[in-house]
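The values are calculated or read from the model by the stated rules, or taken from the named source; none is laboratory data. Fair warning: this is a prediction, and the values are worked out from it, not measured in the lab. Using ideal geometry, Cβ is built from the backbone for each residue, glycine included, and neighbour counts are taken over all protein chains shown.
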Amino acid sequence: MEVDLVSHKYVYAFSEGNGSMRELLGGKGANLAEMTKLGMPVPQGFTISTEACTKYYDDGRKISDEIQAEIMEHIVKLEETAGKKFGDNENPLLVSVRSGARASMPGMMDTILNLGLNEDVVKVLADKSGNPRWAWDCYRRFIQMYSDVVMEVGKKYFEELIDKMKEEKGVTEDVDLTAEDLAVLAGQFKDEYKSKIGKDFPTDPKEQLMGAIEAVFRSWDNPRANVYRRDNDIPYSWGTAVNVQMMAFGNMGDTSGTGVAFTRDPATGEKKLMGEFLMNAQGEDVVAGVRTPSPIAQLHDVMPEVYDQFVEICNTLENHYRDMQDMEFTIEDKKLYMLQTRNGKRTAKAALKIACDLVDEGMISEEKAVAMIDPRNLDTLLHPQFDAKAIKAATPIGKALPASPGAACGKIVFTADDAKAWGEKGEKVVLVRLETSPEDIEGMKAAQGILTVRGGMTSHAAVVARGMGTCCVSGCQEIKMDEENKQFELDGKTFKEGDYISIDGSTGNIYDGIIPTVPAEIAGEFGRIMDMADKFRTLKVRTNADTPADAKKARELGAEGIGLCRTEHMFFEADRIAAFREMICADTVEEREAALDKIMPYQQSDFEALYEALEGCPVTIRFLDPPLHEFVPTEEADIEALAKAQGKSVADIKAIINSLHEFNPMMGHRGCRLTVTYPEIAKMQTKAVIRAAINVSKAHPDWKIVPEIMIPLVGEVKELKFVKDVVVATADKEIAAAGVELKYEVGTMIEIPRAALTADEIAKEAEFFCFGTNDLTQMTFGFSRDDAGKFLDAYYDTKIYESDPFAKLDQAGVGQLMKMAVKLGKQTRPDMHCGICGEHGGDPSSVEFCHEIGLDYVSCSPFRVPIARLAAAQAAIKSK
Ligand code: PEP
Ligand code: MG
């Protein structure tokens, strides 16, 4: 392939871009360009495009000579604009180097500030500014960040050196260290660097710059970014852009500062400026939670003009983007600079309120309101809260910032690794940390809640927890932490690892011990947004429900039918499983029929309850599909009970169990294969379905119940016909005997590749298709849905897969089979309905695919119904 490298542009000055170029410039770069266009005070700079990042990886992790040359051309231009020069003795140029992907990934990648400093430059800055403390503070910060990010020395050593210095000087805050102290520290830092890296700390700003840019590209592939991308559906192929920007200094003294702000409350959506700032500080200080910042409103008292100017900019930006903005700013000696704006991350509750308010304010259409909400976020609305009575009776032992809503109760752990390990054992844990850092993400995900000692509402812990929908209370300074011994003191009590604690992310309250939680109650703007979504979507949303309680919950959440009732799941309870085992372990038709007679009343009354709960909406009942290994007894007592019930010896039962052993149960004697061997099972289930439908129809003549009977695991039309013949004969006999009229449908699941490949044949018998994408994924990939977790991590690490194909539909493979099956099926039977009931039915990107290939409905677990409704609406809006 011939590529014209000479003319390809990889670097864009902020003045060359605009807000619509986020694919190329990343979100941060595009918005810096847009703010520049709007005439806002943005320190100038340039963006190295996402294409350059992709090329860096394609070239074997190397920044090509052409791109390096283009970067240096832009440095020259920036020097001209700024009237400053890299490494200059008069007017040295310092820059920041920051990542900026297409989708914002807060805290996941790296940033370097004050780049361009060396021993000479720092002296120039100190002399010229008359503020040596500031100059040395910048330098020690730069060495620290550069060592950590570019050379991966690790922050710890430097923090230890700072703590030692503070102790020697008898001060508690960084700001109390003098210029001389900081100069000594900078020297110690460089020694530390040399002892770890074996080379002197680089002094040439150009060398520093290339090192930093490369480090940002490299950070696209760091473990925490990889986890974040997987959770947020961000493709690896996008790459990150890098922004090189002239420094504005917030650490120049008491007339300088830095902060972050949101135009609306990211926790509640309320329309008011929210944010935090710190005087005499640099960017990372606010979000890193090292010092606790002041609320933005107080900036009015400190610097009224700057505050007014900032408020005006906030209004302009919100009106311009027509969405809540999250901004970063710096004040350098009373002059305001904007460093970033982006559509702010928010809780689900805030997202709904902001969308509705923007519609009411005439800022956006309903279509836009529906499109702007991340469906995955809705999950958090559906999360538990504390039991109202219990919480009223409880007395908090501490209070901090309500950083991310929800309630959490669990055992205390002190490290992200412990959170993960305990979580994997099934323990509910609350992760208690001095402050969290992005490396903690997996532990944060595993925890029920997060409690931090330091940090404000915009700290890493708060931002990340909100994004994940995990309850978080941050900045509890009363906690006396002893991380080393895994304990802390609060309210006069020592809490140790494993002790219970409860935290309320909506109030910030902390409680000793266990407080029970209750499921979430959905209110507020939720219904309004869901109604809007329903206006746009064409895809119906059903639910996977096996119990009347689940079905009712799903109806409340907007399900329009049951797309999958797994009948084997109706036998998990102790009294029922006994009869079920008798059926499985029967060795004659008579024995099996006797067991089936016991099962039948359960089935019929369950089906009646489901029809009642669904009030005339469609109900698809999937005939038995028990992977036998999940149901045969393994405990001695159960085996004895079964022997007794069957009038057999324990040895006989064990022999039967042995004979049922399968090497590959998921590809074994399950699904319709069971009915082909034992047609009496299908007979019993058909009787139960038809009798239930007749009874409920009699009680509710207006409901027009049409039973949908679904045959699982079909791969060959003749096996479907065999089972269908049994069903039809039995159903027709039941209907005739009852003397009623009842329409019913017999359809099949498409979950074996052969069924998809021969869908035109299958459709001759099947009156509907429903894609069982759990099995279809398993069979298409050829790996077990129960065991894939054991090796998928290796596939993520090697980038063979970017996501779990059992969670997010593999559109290229499994999706193609689905597309083909719909087409073939409809060729044979144009009016057949098609749906999906594998786990993918509640995953937004998979729902979009289902819309595209023309399915009639998706079916998912009850709590994912709202997610599917919104995703379906977004798919319809997108395809318009
Ligand atoms: C499927 O295979 O996708 C399906 C819904 O059936 P089950 O999960 O019960 O195998
Ligand atoms: Mg299946």
Item to check | Residue that is farthest from ligand 1 (Cβ to nearest atom), among those in segment 762-780 that are out of contact with any strand residue (DSSP E or B) (no Cβ under 7 Å at 6 or more places or on another chain) and within 11 Å of Arg829 (Cβ to Cβ) | outcome: Lys764
Checklist entry - Which number in (1) over 25 Å from Ile681 (Cβ atoms); (2) more than 22 Å from the chain's Cα centre (by Cα); (3) in a helix (DSSP H, G or I) marks the one condition that Lys790 misses? => result (2)
Checklist entry - Across segment 757-787, which residue is farthest from ligand 2 (Cβ to nearest atom) among those that are assigned to a loop (DSSP other than H, G, I, E, B) and crowded, with 24+ Cβ neighbours inside 10 Å? => result Ala766
Checklist entry - Only one of these conditions is not met by Pro805: (1) in contact with a Phe, Trp or Tyr (Cβ under 8 Å, 6 or more places away or on another chain); (2) more than 16 Å from ligand 2 (Cβ to nearest atom); (3) assigned to a loop (DSSP other than H, G, I, E, B). Which number is it? => result (2)
Checklist outcome for this item: Flagged in segment 536-560 as among the acidic types (Asp, Glu) and more than 16 Å from ligand 1 (Cβ to nearest atom), in numbering order, are Glu556, Glu560
Checklist entry - What pairs can you find where one residue is in segment 559-576 and assigned to a strand (DSSP E or B) and modelled with pLDDT of 85 or more, the other is more than 12 Å from ligand 1 (Cβ to nearest atom) and of a type in the set (A, V, I, L, M, F, W, C), and their Cβ atoms are less than 6 Å apart, with a gap of 6+ or different chains? => result Ile562/Ala545; Ile562/Val619; Cys565/Ile621
Next on the checklist: within 16 Å of ligand 1 (Cβ to nearest atom), surrounded by fewer than 18 Cβ atoms within 10 Å (Cβ to Cβ) and not acidic (Asp, Glu): is that true of Arg754 in this structure?
Outcome noted: yes
Checklist outcome for this item: Per the filter on segment 44-59, residues outside any helix (DSSP H, G or I) and of a type in the set (Gly, Ala, Ser) are Gly45, Ser49
Next on the checklist: I need the full set of residues from segment 788-800 which are surrounded by 15 or more Cβ atoms within 10 Å (Cβ to Cβ) and not aromatic (Phe, Trp, Tyr), in order please.
Outcome noted: Ala788, Leu792
Item to check | Residue that is farthest from ligand 1 (Cβ to nearest atom) [pool: residues in segment 493-527 that are closer than 17 Å to Ala873 by Cα and surrounded by 16 or more Cβ atoms within 10 Å (Cβ to Cβ)] | outcome: Glu525
Item to check | Exclusive hit being under 26 Å from Phe768 (Cβ atoms) and β-branched (Val, Ile, Thr), set Thr677, Thr588 | outcome: Thr677
Checklist outcome for this item: Of the residues in segment 228-242 that are outside any helix (DSSP H, G or I) and over 17 Å from Asp379 (Cα atoms), the one that is farthest from the chain's Cα centre (by Cα) is Val242
Checklist entry - Which condition number does Glu662 fail, the rest of (1) more than 21 Å from Tyr857 (Cα to Cα); (2) more than 16 Å from ligand 1 (Cβ to nearest atom); (3) assigned to a loop (DSSP other than H, G, I, E, B); (4) of a type in the set (D, E, K, R) being met? => result (2)
Checklist outcome for this item: Log entry, pairs with first residue in segment 744-773 being within 11 Å of Glu708 (Cβ to Cβ) and free of Cβ contacts under 8 Å to residues at least 40 places away in the same chain, second being of a type in the set (D, E, K, R) and within 16 Å of ligand 1 (Cβ to nearest atom), beta carbons closer than 9 Å, six or more apart or on different chains, reads Glu745/Glu708; Val746/Glu708
Checklist entry - Which ones in segment 289-346 are polar (S, T, N, Q), outside any strand (DSSP E or B) and modelled with pLDDT under 95? => result Thr292
Checklist outcome for this item: Thr203 fails exactly one of (1) within 39 Å of the chain's Cα centre (by Cα); (2) closer than 18 Å to Ser96 by Cα; (3) assigned to a loop (DSSP other than H, G, I, E, B), namely (1)
Item to check | Single residue of segment 707-732 satisfying the filter (away from ligand 2 (no atom under 16 Å from the Cβ) and of a type in the set (Gly, Ala, Ser)) that is surrounded by the fewest Cβ atoms within 10 Å (Cβ to Cβ) | outcome: Ala729
Checklist entry - Looking at segment 690-697, is at least one residue polar (S, T, N, Q), more than 16 Å from ligand 2 (Cβ to nearest atom) and surrounded by fewer than 20 Cβ atoms within 10 Å (Cβ to Cβ)? => result yes
Checklist entry - Name the residues in segment 23-43 that are part of a helix (DSSP H, G or I) and surrounded by fewer than 24 Cβ atoms within 10 Å (Cβ to Cβ), would you? => result Glu23, Leu24, Gly27, Glu34, Met35, Thr36, Lys37
Item to check | Subset of segment 820-833 [away from ligand 2 (no atom under 16 Å from the Cβ), in contact (Cβ under 8 Å) with a residue 24 or more places away in the chain and either touching a strand residue (DSSP E or B) at 6+ places or on another chain (Cβ under 6 Å) or outside any helix (DSSP H, G or I) (or both)] | outcome: Val822, Gly825, Arg829, Met832, His833
Checklist entry - So, in segment 739-756, of the ones that are within 16 Å of ligand 2 (Cβ to nearest atom) and of a type in the set (Val, Ile, Thr), which residue ends up farthest from Arg566 (Cα to Cα)? => result Ile752
Checklist entry - Ile735: β-branched (Val, Ile, Thr), away from ligand 2 (no atom under 16 Å from the Cβ) and assigned to a helix (DSSP H, G or I), yes or no? => result yes
Checklist entry - In this structure, does Phe217 turn out to be part of a helix (DSSP H, G or I), surrounded by 24 or more Cβ atoms within 10 Å (Cβ to Cβ), in contact (Cβ under 8 Å) with a residue 60 or more places away in the chain and of a type outside the set (A, V, I, L, M)? => result yes
